[in-house]
Amino acid sequence: MESILLDGKSLSKEIEIELKQRVKNIIKRTGNTPVLATILVGNDPSSEIYVKMKGNACDRVGIKSLKVHLPENITTDGLLNEIDKLNNDDTVCGILLQHPVPNQINERLCFDKIVIEKDVDGVTCLGFGKMTMGENAFGSATPTGIMKLIEHYNLPIEGKHAVVIGRSPILGKPIAMMLLNRNATVTICHSRTKNLSDIVKQADIVVGAVGIPEFIKADWIKDNAIVIDAGYHKGGVGDIEINKVKDRTLAYTPVPGGVGPITIATLISQTVESAEERLK
Ligand code: NAP
């Protein structure tokens, strides 16, 4: 059987077409264009590109992006103050704080300053807790996008052994909880995990979220697994040796064109949802 390519690029285009219509309806009903505020601290070139890509996606669906660019040396208090201004700005329905922020800043404190209604990137502890408990909350954008892809292609999750490599607050932990909520049996691996390759060999679903180019080797992955590569590195490679394994998977995400675009579409989709919530 041929492997299924989980086409994040094409699914995100489909999502954007639907969002464009929903945004038109919001504007018609309220007279206001929804606003996503994006906060960029400093001048990290990759972060600048990510924020720009998110702004472009806002343009495509007809929402406004309010770009807040703050100096590299801003303090935690300074950033908390900026977030608070956006929390209190009624025109803003979503706030994205681009990760990572410079070292002097307490990122967790700043993420948690975002009010839950505007946490469209799903980075707050409250949002994570609610999602984990199966309550209504915006999920972290990358894992929520991954779940959208898996669901769009009707891939089996229940009863499957999912192995997540990485346990970051924005990716590894939330995807593990999302898969658990869909009745997968989940193993979470990290830098202190022993015998990583043996664990990955048992996986029906592999999620690579390590941040090291092609760290997860093709020969660790069993035949007919679902292989999700969240990584993106220079030279167009991910965290998994995806090109060496893709032909014997049940399904896989390409790099690029898999997890990246669906992450952005999810962020924009949750911003539109936040704007619609206000209409209720
Ligand atoms: P992160 O915060 O750096 O977390 C990396 C995780 O990998 C940590 O939990 C770490 O374990 C684990 N790890 C590191 N070395 C390991 C090793 N030798 N063996 C096993 N586990 C190891 O990274 P992240 O933000 O989650 O991002 C992960 C990847 O996803 C990156 O490639 C990033 O570029 C990508 N990403 C993509 C998007 C997108 O929009 N497409 C968004 C976010 C992230 P410890 O906890 O023990 O340190």
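The values are calculated or read from the model by the stated rules, or taken from the named source; none is laboratory data. Just so it is clear, the structure is predicted and the values come from calculations on it, not from any experiment. In this analysis, Cβ positions are derived from the backbone assuming ideal geometry, glycine residues included, and neighbour counts consider all displayed protein chains.
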For this session: Can you confirm whether the stretch 189-204 contains a residue that is touching a His at 6+ places or on another chain (Cβ under 7 Å) and among the aliphatic types (A, V, I, L, M)?
Result: yes
Exercise. Quick one: would you say Glu48 is in a helix (DSSP H, G or I), over 18 Å from Glu276 (Cα atoms) and free of Cβ contacts under 8 Å to residues at least 12 places away in the same chain?
Worked result: yes
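Pull up the stretch 84-118, narrow it to residues that are in a strand (DSSP E or B) and either without any contact (Cβ under 8 Å) to a residue 60 or more places away in the chain or farther than 23 Å from Asn73 by Cβ (or both), then point me to the one that is farthest from the chain's Cα centre (by Cα).
Checked the stretch 84-118; the qualifying residue farthest from the chain's Cα centre (by Cα) is Val92.
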Exercise. Which ones in the stretch 196-206 are within 11 Å of the ligand (Cβ to nearest atom) and either part of a loop (DSSP other than H, G, I, E, B) or in contact with a Leu (Cβ under 8 Å, 6 or more places away or on another chain) (or both)?
Worked result: none
Exercise. So which residues in the stretch 267-280 are touching a Pro at 6+ places or on another chain (Cβ under 9 Å) and either closer than 28 Å to Val237 by Cα or hydrophobic (A, V, I, L, M, F, W, C) (or both), if there are any at all?
Worked result: Val272, Ala275
For this session: Scan the stretch 227-236 for residues that are of a type outside the set (Gly, Ala, Ser) and either over 18 Å from the mean Cα position of the chain (by Cα) or not assigned by TED's automatic domain parsing to the domain that holds Ile205 (or both) and report the count.
Result: 1
Exercise. Is there any pair with a first residue in the stretch 119-146 that is within 12 Å of the ligand (Cβ to nearest atom) and a second that is polar (S, T, N, Q) and part of a helix (DSSP H, G or I) whose Cβ atoms are under 6 Å apart and which are 6 or more apart or on different chains, and what are they?
Worked result: Ala141/Thr263; Ala141/Thr266; Thr142/Thr263; Thr144/Thr266; Gly145/Thr263; Gly145/Thr266
Seminar exercise, completed: Residue set Arg248, Arg182; condition under 15 Å from Leu149 (Cβ atoms) and surrounded by fewer than 19 Cβ atoms within 10 Å (Cβ to Cβ); output residue Arg182
For this session: Taking Phe138 as the residue in question, decide whether it is assigned to a loop (DSSP other than H, G, I, E, B) and either closer than 27 Å to Asn81 by Cα or in contact with a Phe, Trp or Tyr (Cβ under 8 Å, 6 or more places away or on another chain) (or both).
Result: yes
Exercise. Which residues, counting only those in the stretch 1-32, are outside any helix (DSSP H, G or I) and within 12 Å of Thr253 (Cα to Cα)?
Worked result: Ser3, Ile4, Leu5, Leu6, Asp7
For this session: Output yes when any residue across the stretch 164-182 is within 17 Å of Gly129 (Cβ to Cβ), in a loop (DSSP other than H, G, I, E, B) and of a type in the set (Val, Ile, Thr), and no when none is.
Result: yes
For this session: Can you give me the number of residues within the stretch 189-206 that are crowded, with 21+ Cβ neighbours inside 10 Å and either among the aliphatic types (A, V, I, L, M) or within 16 Å of the chain's Cα centre (by Cα) (or both)?
Result: 4
Exercise. How about the stretch 232-243: which of its residues are touching an Asp or Glu at 6+ places or on another chain (Cβ under 8 Å), part of a loop (DSSP other than H, G, I, E, B) and either buried (at least 24 other Cβ atoms within 10 Å of the Cβ) or at positive phi (or both)?
Worked result: Gly238, Asp239
Seminar exercise, completed: Within the stretch 207-221, residues within 7 Å of the ligand (Cβ to nearest atom) and either of a type outside the set (Gly, Ala, Ser) or buried (at least 22 other Cβ atoms within 10 Å of the Cβ) (or both) come out as Ala209, Val210, Ile212, Phe215
